[in-house]
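Some notes on the structure that comes next.
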Amino acid sequence: MSAAAGGIQQRESSTPIITILVALFIGALVVFAANFVQQVVRSTQDQRATALAADIQVKSQQLAKYAAEAADGRIEAFDELRQTQSLIATNLEQLSSGDPTTDVPPISANPEVEPALTQVVSTWTEIAAASSNILAKEDIVLEMTDIQSQ
């Protein structure tokens, strides 16, 4: 009978250990799930920020094309230049300050990328001034084109 009593006593002492192990396992699963969700969110934010950066690159090439065409007097190029300039500025603002509607965090949240964005913004300031100069002289350019075509 004492062997049976010993078995019951052993089960009673192992029950708290099993309970603790199960609780630790459940806690580990919760931490794993939270980490997974956080990584998915950050990955999505990175993808959206990368898409904005890629769009800026494409738009800057278009801006150069439209600026050259506008300087040559193509009327439609002025509107395209104006629109492209605005889109680049909007994308840069979304990267710099973040955009809650698209879930893009501000670049200041990632100090490794911030110096690159600062360089892009500095370059953009010069390019924006040059394209604004072309847009400001739209009437003169179009008038010169009319004179040349006569």
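The values are calculated or read from the model by the stated rules, or taken from the named source; none is laboratory data. Owing to the predicted nature of the structure, the values given are computational and were not obtained by experimental measurement. Cβ coordinates were reconstructed from backbone atoms using ideal geometry, including for glycine residues, and neighbour counts include every protein chain displayed. We work out accessible area using only protein heavy atoms, side chains counted, and drop any ligands, DNA or RNA first. Shrake-Rupley method; radii C 1.70, N 1.55, O 1.52, S 1.80 Å.
Could you provide, to the nearest whole Å², the per residue accessible area of the chain with probe 1.4 Å?
Working: 10570 Å² over 150 residues.
Here the residues of the chain average 70 Å² of exposed surface.
For the stretch 8-150, which whole percent of the accessible surface, found with a 1.4 angstrom probe, sits on carbon and sulfur atoms? Could you put the intermediate results ahead of the total?
On the way: 6100 of 10000 Å².
That fraction is 61 percent.
Would you kindly derive the ³J(HN,Hα) couplings of the stretch 131-146 from the backbone phi angles with the Karplus curve 6.51 cos²θ - 1.76 cosθ + 1.60 (θ = phi - 60°), listing them in order in whole Hz, with x for Gly and Pro?
In residue order, the calculated couplings are 6, 5, 5, 5, 5, 5, 9, 4, 4, 5, 5, 5, 5, 5, 5, 5 Hz.
List the GluC sites (Glu not before Pro) within the stretch 71-142 that DSSP assigns to loop and that have no more than 12 neighbouring Cβ atoms inside 10 Å. Working shown, then result.
Values: sites: Glu76, Glu80, Glu93, Glu112, Glu126, Glu138; in loops: Glu112.
Passing both the DSSP loop test and the Cβ count: Glu112.
Mind listing the long-range amide H neighbours of Val104? Cut-off is under 5 Å, sequence gap 5 or more, other chains count too, H placed in the peptide plane at 1.01 Å from N.
Asp99
Farthest toward the dipole's positive end in the chain, which of Ala129, Leu117, Gln38, given Cβ charges of +1 (Lys, Arg) and -1 (Asp, Glu) about the Cα centre?
The listed residue farthest towards the positive side: Gln38.
Before anything else, pin down the relative contact order of the chain: Cα pairs under 8 Å, at least 6 apart, normalised by residue count, whole percent. Don't skip to the end; give the middle numbers.
Numbers: 84 pairs, mean separation 32.7, N = 150.
It comes to 22 percent, rounded to a whole number.
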